[in-house]
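A.B. asks: Okay, here's the structure, questions in a sec.
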Amino acid sequence: MGTSVRQINISSQPSQSFFLRVNWAEDVGSGFTVVLSDGLSAWSGEVSEEDISREAEEMEMRREKYLEDLRQALTDGGKEPSRYSFDLSEDGVDGSALHLSYEKVQKDISFKLGSVELHTISKPVEVVKELICHGLDNSAELQACNAHLQGENERLRGEWDYVNGELEKYVQAKEALEKDLYNRFVLVLNEKKAKIRSLQEKIKEFQEEMEAEKEKRDTTTVESNDAKEPAYEASTDEENAENKECSETSASARVNKPGCSSPDSSLTDIPDIAPSRKRRQRGIKGQGSGAKKVSQEPRDKTRNRDSSDRATF
């Protein structure tokens, strides 16, 4: 069962305050009872579920929307009092009954949500007591709720202080850790740089040694070739001397032959320089040319003798 008490203002009596109490079993849509009091007198009335459905149909509104507006007008109007208005009029000849209507105001236009017929209560003091008791009970509940919320607020504040303190510790620990890691990183980085410089110096020294060794090999090769060149020239001179002797021997043999005329000056033997040229080329190619040079000399001598004999004939 639900109960709601609120203060309302009557349009026809703006200087006077009224208190409206609404009771319902399950929901406002299932019907409710109304008690109105000005502190001296009291009136009561009842609205059934059929009345609510009929009024919703007359206004051509969905039932859910109509119940929402009705609930706000009778129970939650204190949040937006300007949206709803109440009017109280006498009903009947003797004035023993009143007619309470409630309307919704929207952009200076009001339309009627419903109305209820109120009858005078013979003992209004009891109604006033109930209103006072309900107000006290509601105040006690609100105070208890407020105390509970204050306790929760204190607890949350304490937790917040604890968390803030822990956070400060974590921040300090984080900064210390970052500083330590930075110092270690600097040390490692400096060691790596020193190692890189050492390796670069070793590479440079190795390259210099390789260049020096290469220059040394080139110098040795040039000196070796220069040393071999005179030996090749000496062997060529000896071969020329041998060829000259062979030519003189052939000429003397032809003079001593009977019936042979003296050779013409144009047929004088020319030393064959081809062997010397070939030997020089073989000497430049390498050490393996020695054996070939030895085997070439008898062939060169035989070739010289043949050429001398052909010249004689």
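The values are calculated or read from the model by the stated rules, or taken from the named source; none is laboratory data. Predicted model, so just to flag it, every value in this text is computed and none were measured. For neighbour counting, all protein chains shown are included, and Cβ atoms are generated from backbone atoms with ideal geometry for every residue, glycine included. For accessibility, only protein heavy atoms count, side chains too; no ligands or nucleic acids. Shrake-Rupley method; radii C 1.70, N 1.55, O 1.52, S 1.80 Å.
A.B. asks: Identify all residues within segment 8-34 that are in contact with a Leu (Cβ under 8 Å, 6 or more places away or on another chain), under 25 Å from Glu64 (Cα atoms) and open to solvent by 50 Å² or more (accessible area, probe 1.4 Å); write none if there are none.
C.D. replies: Matches in segment 8-34: Asp27 only.
A.B. asks: Confirm whether Ile121 is loosely packed, with under 10 Cβ neighbours inside 10 Å and either aliphatic (A, V, I, L, M) or under 19 Å from Ser89 (Cα atoms) (or both).
C.D. replies: Against the criterion (loosely packed, with under 10 Cβ neighbours inside 10 Å and either aliphatic (A, V, I, L, M) or under 19 Å from Ser89 (Cα atoms) (or both)), Ile121 does not qualify.
A.B. asks: Further, regarding this structure: Do we find a residue being over 23 Å from Lys129 (Cα atoms), surrounded by 11 or more Cβ atoms within 10 Å (Cβ to Cβ) and at pLDDT 85 or above anywhere in segment 40-48?
C.D. replies: yes
A.B. asks: Against the definition (aliphatic (A, V, I, L, M) and in contact with a strand residue (DSSP E or B) (Cβ under 6 Å, 6 or more places away or on another chain)), how does Val28 come out, yes or no?
C.D. replies: So Val28 does not fit the description; no.
A.B. asks: Here are the criteria: (1) surrounded by fewer than 16 Cβ atoms within 10 Å (Cβ to Cβ); (2) more than 22 Å from Ser110 (Cα to Cα). Tell me which single one Glu58 does not satisfy.
C.D. replies: For Glu58, the failing item is (2).
A.B. asks: Go through (1) farther than 20 Å from Ser89 by Cβ; (2) in contact (Cβ under 8 Å) with a residue 24 or more places away in the chain; (3) of a type in the set (D, E, K, R) one by one and return the number of the condition Glu55 breaks.
C.D. replies: Against the list (1) farther than 20 Å from Ser89 by Cβ; (2) in contact (Cβ under 8 Å) with a residue 24 or more places away in the chain; (3) of a type in the set (D, E, K, R), Glu55 comes up short only on (1).
A.B. asks: Inspect all residues belonging to segment 131-144 and state whether any of them is in contact with a Leu (Cβ under 7 Å, 6 or more places away or on another chain), assigned to a helix (DSSP H, G or I), in contact (Cβ under 8 Å) with a residue 40 or more places away in the chain and surrounded by 10 or more Cβ atoms within 10 Å (Cβ to Cβ).
C.D. replies: No, segment 131-144 has no match at all.
A.B. asks: Continuing with this model, one more query. Within segment 100-118, track down each residue that is hydrophobic (A, V, I, L, M, F, W, C) and open to solvent by 80 Å² or more (accessible area, probe 1.4 Å).
C.D. replies: Once the filter is applied, which keeps residues that are hydrophobic (A, V, I, L, M, F, W, C) and open to solvent by 80 Å² or more (accessible area, probe 1.4 Å), segment 100-118 yields only Ile109.
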